[in-house]
Amino acid sequence: MKSYDVAIVGSGFAGSILARLLRRQGRRVLLVEKDRHPRFALGESSTPLAGFALERLAARYDLPDLHHLSTWGRWSRHLPQLRRGLKRGFTFYHHRRGEPYRNGADNDARLLVAASPSDAIADAHWVRADVDQFLVDRAVEEGVDYVDETTVDEVDLGSRGALLRARRKGGRTDFRASYLVDATGPAGLLARALPIAREPAPVSTGLLYAHFESPPPFVEIARRAGATLDAGPYPDERAAVHHLLDGGWVYALPFDHGVTSAGLVLRRETIDADAASRDPAAAWRELLAPYPTLAEQLGQVRPLSPIRFVERLPHRLERAAGEGWFILPHAFAFYDPMFSTGIAWSLLAVERLALIFAGVDGDAWRYDFFLRREGDRIAQLVEAAWLAMDDFELFAAVARLYFVTVSWAEARQRLLPEGAPHAWEGFLGMGDPCFDDLFDDMLARLRIRQFESFDRAAFLRRVRRGLAPRDVVGLDDPARRNLYPVDLGVLVERAALLGLEREEVVAALPRLRGDPPWPQNGDSSADGP
């Protein structure tokens, strides 16, 4: 029986990157995959915080390919063989059942928030089949032992570590490791092996999804239907596109090679689960039909593989770590893909685990505490978005809270002095009293909206006032008419919110490109757990 320092079960991008980092620390690492690459995987939309985490890992461990994956421009230039899509920001449209899409000059049913000032340093949609395969191959080149088509049936955790009993190609195979990392998914390995309770999700949803031939542009169809769609800070569909419906929403993520990833997220009570399981394609067409403009764009587009149905999308576990084991975010908790939190949160957890194993910072208790609290924060965001989804002005206020939260973190990570412990800053503002209070208050107000008199104006004022101490990007400006570019002038003007002088921000602006000299720290070996 082979023995390892660390066994990682699940070879998506997070598991493979972690395996590689631990190998660079001198660990004996096993990476186990139940399927084979290349294979389809959900979780395809990146964000600036994900790119920043990749840059930090690239610098610390001298891994230029991670630096290349951190922005669309570098990726296209250095790794053109890996398919991807340009993501300039987040686009939202609000639809009314039974009516063509309508939008006025004030963008009462449209919201665009840019995440980058240019294509070169924009985010990317990840073709996970390509990215995950590439990262597994890199891990193997580093000396990670990799086994695929291997199902772990049992895990025994004891004082000597973890014993994994598995099947591979019809035969039995066992492994032993001092530490075990669960990098699987919703039906997680450790959720089955340990008495870890599952916790309820704030919104119970299902998902229909597939990759499709790229559909006709929504903007053109909507304009023909009479919608006013003037130019925004980026082309509307060069983004993570969200269509808000009655009781659900649709995402569309365009890739550069003429393919779009699309999915329909709906409350479970609005889905005939039996019918959707029998014929997902028919369910897709039927559920889009009440929205004529969207149905014209996506209702008849050809899927490149069978449309799949997930009856229960959200999941949440009670714990994320214990003695000798850790669970990565996607196996620990997932609620909704609305704000593309998955890749960034996963990479943050990978960064933390690398620090823990290197003996630099953190431990299992701290890791567990942060993931549990951050899971709570994501749950708050998702519940608030769903509670406000029928009223676009309220929804836009919830969305602004998310964008101010991440923009504040992005500005701090780019502009504050080197060496700040960004890996242990709470995700989505967790632990920041300003954000903690505002999330709590916002959600409490939205929860009683259906049962008591609701003062919309007071709610909107509360969100605006609450965001003011952290809004370094100008999302409080009504003159933008729901079209928000990346305005570096606003960042300079609001330097004091970051505790900086205007001149300091101006001098630090080149860091926004994400091209510091690297590696910044070539010493990646240390004692750890």
Residues of the range 53-112 being of a type in the set (S, T, Y), out of contact with any His (no Cβ under 6 Å at 6 or more places or on another chain) and not assigned by TED's automatic domain parsing to the domain that holds S16, in sequence order, are T91
Looking only at the range 435-459, which residues are part of a helix (DSSP H, G or I) and aliphatic (A, V, I, L, M)? L438, M442, L443, A444, L446, A457, A458
Inside the range 102-115, the number of residues satisfying the requirement of being farther than 19 Å from A388 by Cβ and crowded, with 24+ Cβ neighbours inside 10 Å is 1
Of the residues in the range 270-311 that are over 26 Å from H94 (Cβ atoms) and outside any helix (DSSP H, G or I), the one that is modelled with the lowest pLDDT is S305
Condition met for E44 (within 28 Å of G429 (Cα to Cα), buried (at least 24 other Cβ atoms within 10 Å of the Cβ) and under 23 Å from the mean Cα position of the chain (by Cα)): yes
Is one or more of the residues making up the range 468-484 part of a helix (DSSP H, G or I), under 24 Å from the mean Cα position of the chain (by Cα) and either in contact (Cβ under 8 Å) with a residue 60 or more places away in the chain or closer than 27 Å to F369 by Cα (or both)? no
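Residue-by-condition table, conditions (1) of a type in the set (S, T, N, Q); (2) over 30 Å from L287 (Cβ atoms); (3) outside the structural domain of G15 (by TED's automatic domain parsing):
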{"position": "E149", "(1), (2), (3)": "no, yes, no"}
{"position": "V152", "(1), (2), (3)": "no, yes, no"}
{"position": "G158", "(1), (2), (3)": "no, yes, no"}
{"position": "G161", "(1), (2), (3)": "no, yes, no"}
{"position": "A166", "(1), (2), (3)": "no, yes, no"}
{"position": "R176", "(1), (2), (3)": "no, yes, no"}
{"position": "T184", "(1), (2), (3)": "yes, no, no"}
{"position": "S214", "(1), (2), (3)": "yes, no, yes"}
{"position": "I221", "(1), (2), (3)": "no, no, yes"}
Failed criterion for P80 (all others in (1) of a type outside the set (D, E, K, R); (2) in contact (Cβ under 8 Å) with a residue 40 or more places away in the chain; (3) outside any helix (DSSP H, G or I) hold): (2)
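Quick test for you: out of G474, G426, G499, pick the one residue that is under 26 Å from S346 (Cβ atoms) and small (G, A, S).
Sole residue among the options that is under 26 Å from S346 (Cβ atoms) and small (G, A, S): G426.
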Does any residue in the range 292-311 that is over 12 Å from S277 (Cα atoms) come within less than 6 Å, Cβ to Cβ, of a residue that is among the β-branched types (V, I, T) and in a helix (DSSP H, G or I) six or more places away or on a different chain, and which pairs are these? T293/I221; E296/I221; Q297/I221
Counting only residues that are over 21 Å from M389 (Cα atoms) and buried (at least 23 other Cβ atoms within 10 Å of the Cβ), which one in the range 217-252 is nearest to the chain's Cα centre (by Cα)? Y234
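Going through G143, G161 one at a time, which residue ends up being among the small types (G, A, S), touching a residue at least 24 places away in the same chain (Cβ under 8 Å) and in contact with a helix residue (DSSP H, G or I) (Cβ under 6 Å, 6 or more places away or on another chain)?
Going through G143, G161 in turn, just one is among the small types (G, A, S), touching a residue at least 24 places away in the same chain (Cβ under 8 Å) and in contact with a helix residue (DSSP H, G or I) (Cβ under 6 Å, 6 or more places away or on another chain): G143.
The values are calculated or read from the model by the stated rules, or taken from the named source; none is laboratory data. Small disclaimer: the values here were computed from a predicted structure and weren't measured. As a convention, Cβ positions derive from the backbone with ideal geometry for all residues, glycine included, and neighbour counts pool all protein chains shown.
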